[in-house]
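The values are calculated or read from the model by the stated rules, or taken from the named source; none is laboratory data. Owing to the predicted nature of the structure, the values given are computational and were not obtained by experimental measurement. So basically every Cβ, Gly included, is an ideal-geometry build from the backbone, and we count neighbours across all protein chains shown. Just the protein is used for accessible areas: all its heavy atoms, side chains included, with ligands, DNA and RNA removed. Shrake-Rupley method; radii C 1.70, N 1.55, O 1.52, S 1.80 Å.
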Amino acid sequence: MSWMPSTAVITAHFPVAGARWAQEPAAILRPVRRPPAPPPRLPVLVLAALLAAGVAAASCGSSPGGRATGSTSTTRPPLPAGRLPSAVSKMVCSDDARTEINDALGIKAQVQAPTWADHVYACRLLYPSAHIDLSVKELSSWTQTYGYFDTLKSRLGTTGAINGLGQGAFQAPDGSVVVRKDWKVLLVDPAGLPAQFGVPPTSSADVAVTVADVILGCWAGD
């Protein structure tokens, strides 16, 4: 006689009339628990870019805190202008800032000897047959700072505000970029550049924005 499975075995695995399912072993009804899927990994190139950005911020000039933000300390007002230029102003023309700007533009510059007069710290980035003028005006109150910022806007004109730079920024029709941060006002003047500059070639107006962004990336403290 050929072997046949028992009724108990058959009803354990197939539907039975009058019931949705016959009773099944407890092991069959128990849900299977799987370990949670691991979180997605960032692409290697994205991680490399984030690490590179961190290294760049850590190497910026005399900035103790990396990238400057638009916020101002609420514990004390910024430092007023003094007899000598502040460390923050001098950072703009430092070797570290020059190196960061060189990397951003793809062309190496030399820094002409900085000057300090009427609370303005200024220098010139020298390139073969081209230059960029940088200056920082130091002031001693919010009223003075807003007033000086607005005076430059009236004198130079404006094509619109630039979001994300300092606590206020605009670009003039000639490509100059003016940025306000605490009681200091940065001016990047690209008048000494050709229409296209850098590697790859970029408009002089965009170069001025890039230079201002690099400086603000290192500009911390007051």
Legend entry - Average accessible area per residue (Å²) across the range 68-171 - probe 1.4 Å, nucleic acids and ligands excluded: 55
Inset, instruction - Could you give the spread of the C-alpha atoms of the range 85-149 along their three principal axes, from largest to smallest, in whole angstroms? - result: 39, 19, 19
Inset, instruction - Over the Cα atoms of the range 139-222, compute the convex hull volume and normalise it per residue, giving Å³. - result: 90
Inset, instruction - Please give the net charge around residue 193, taking every other residue with its beta carbon less than 14 angstrom from that of residue 193, where Lys and Arg add +1 and Asp and Glu add -1. - result: -3
Inset, instruction - Report the label-to-label distance for residue 87 and residue 203 in nanometres (one decimal), using points 7 Å from each Cα along the Cα→Cβ vector. - result: 3.9
Legend entry - Most to least packed among 170-182, 103-115 [average Cβ atoms within 10 Å]: 170-182, 103-115
Legend entry - Descending semi-axes in whole angstrom, ellipsoid equivalent of the range 71-222, from the Cα gyration tensor: 24, 17, 14
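With N set to the number of residues, divide the alpha-carbon radius of gyration of the range 174-222 by 2.2 N^0.38 Å and report two decimals.
The value comes to 1.21.
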Legend entry - Rounded percent of accessible protein surface that carbon and sulfur make up, the range 161-210, 1.4 Å probe: 55
Inset, instruction - Can you spot the aspartates and glutamates whose alpha carbon is less than 14 Å from residue 108's alpha carbon? Ignore those fewer than 8 places along the same chain. - result: 95, 96, 100
